[in-house]
Amino acid sequence: MRRRSLLAAPLALATPAAAQTRAPAPPPAALNERDRADIARIEAYLNAMTTLRARFLQIAHNGASAEGTAWISRPGRMRFEYDPPEPLLLVADAGQFLMYDRELRAPTTLLVSQTPLGILLRREVRLSGDVTVTGVDRSGGFLRVTMFRTAEPGEGRLTLVFQPEPLALRQWAVTDPQGRETRVTLSRIETGLRLPAGLFQFNDPRFFEPGGFGAPQGPGN
């Protein structure tokens, strides 16, 4: 159970901001012209992305790992289907994150607006104002932008990692208030798909079934 918590909770930062210790806000980045141009490209890319399906590899701060299939339908919807033996399911819809343990049949919910990862699911992504950018990095052939929700600096930071040319989302990392990082790397990415509405609807009979929507079960499938 401890391992599952370490894997799942950082992905959504499943700790309401109100329950966290308020920390001093990190300073915003001193952005140059190139930084501002790249941030504008990222905003345009994310706002143009309607649907995505990909395989994911999640690595927790303690080295524990899990794989699965991810679906994103913007705005507001996301589903992470973990491969067996992990019994976890993580879904965002209607402003809520649901984390569900199939073995225990135990749901946990929180508001999408209380998580940095919710920045990705907004109707309009703007990396300014209520989002503060703390760094832009271009090392190792990738473009990385780190940010936090301006009103809640204590809830953690989100780093988005992009292939720069052509621009494409490849990874994100969530750092919790204690400095523990969880990375999610995407592969076999498909965009512009028509996704079944039931993927995100709790009352669909297939919703809690592993592979109920045709999710590949493991890297060999």
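Key figures
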quantity: Within segment 63-75, considering residues that are in contact (Cβ under 8 Å) with a residue 60 or more places away in the chain and touching a Lys or Arg at 6+ places or on another chain (Cβ under 8 Å), the one surrounded by the fewest Cβ atoms within 10 Å (Cβ to Cβ); calculated: ALA64
quantity: Any strands (runs of 3 or more DSSP E) falling wholly within segment 75-173 and containing at least 2 residues that are of a type outside the set (A, V, I, L, M); calculated: 77-82, 96-101, 106-111, 131-137, 143-149, 157-163
quantity: Residue in segment 76-90 that is surrounded by fewer than 20 Cβ atoms within 10 Å (Cβ to Cβ), within 13 Å of the chain's Cα centre (by Cα) and not polar (S, T, N, Q) present; calculated: yes
quantity: Among the candidates ALA40, ALA18, ALA44, ALA25, residue that is surrounded by fewer than 17 Cβ atoms within 10 Å (Cβ to Cβ), at pLDDT below 95, in a helix (DSSP H, G or I) and among the hydrophobic types (A, V, I, L, M, F, W, C); calculated: ALA18
quantity: From the options LEU104, LEU7, LEU57, residue that is modelled with pLDDT of 80 or more and either among the acidic types (Asp, Glu) or within 26 Å of LEU195 (Cα to Cα) (or both); calculated: LEU57
quantity: Failed criterion for THR109 (all others in (1) modelled with pLDDT under 90; (2) surrounded by fewer than 19 Cβ atoms within 10 Å (Cβ to Cβ); (3) in contact with a helix residue (DSSP H, G or I) (Cβ under 9 Å, 6 or more places away or on another chain) hold); calculated: (3)
quantity: Selection status of SER73, closer than 21 Å to PRO26 by Cβ and among the small types (Gly, Ala, Ser); calculated: no
quantity: Top-ranked residue of segment 184-206 - restricted to ones that are touching a Phe, Trp or Tyr at 6+ places or on another chain (Cβ under 7 Å), in a loop (DSSP other than H, G, I, E, B) and closer than 15 Å to THR51 by Cβ, ranked as modelled with the lowest pLDDT; calculated: PRO196
quantity: Matching residues in segment 28-37 - criterion: being part of a loop (DSSP other than H, G, I, E, B) and surrounded by 15 or more Cβ atoms within 10 Å (Cβ to Cβ); calculated: ALA29, LEU31
quantity: Residues of segment 111-133 classified as in contact with a strand residue (DSSP E or B) (Cβ under 7 Å, 6 or more places away or on another chain) and either of a type in the set (S, T, N, Q) or more than 14 Å from ARG77 (Cα to Cα) (or both), total; calculated: 7
quantity: Criterion (surrounded by fewer than 17 Cβ atoms within 10 Å (Cβ to Cβ), under 18 Å from the mean Cα position of the chain (by Cα) and modelled with pLDDT under 90) met by exactly one of GLU181, GLU209, GLU152; calculated: GLU181
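The values are calculated or read from the model by the stated rules, or taken from the named source; none is laboratory data. Not measured: the values here are computed from a predicted model. As a convention, Cβ positions derive from the backbone with ideal geometry for all residues, glycine included, and neighbour counts pool all protein chains shown.
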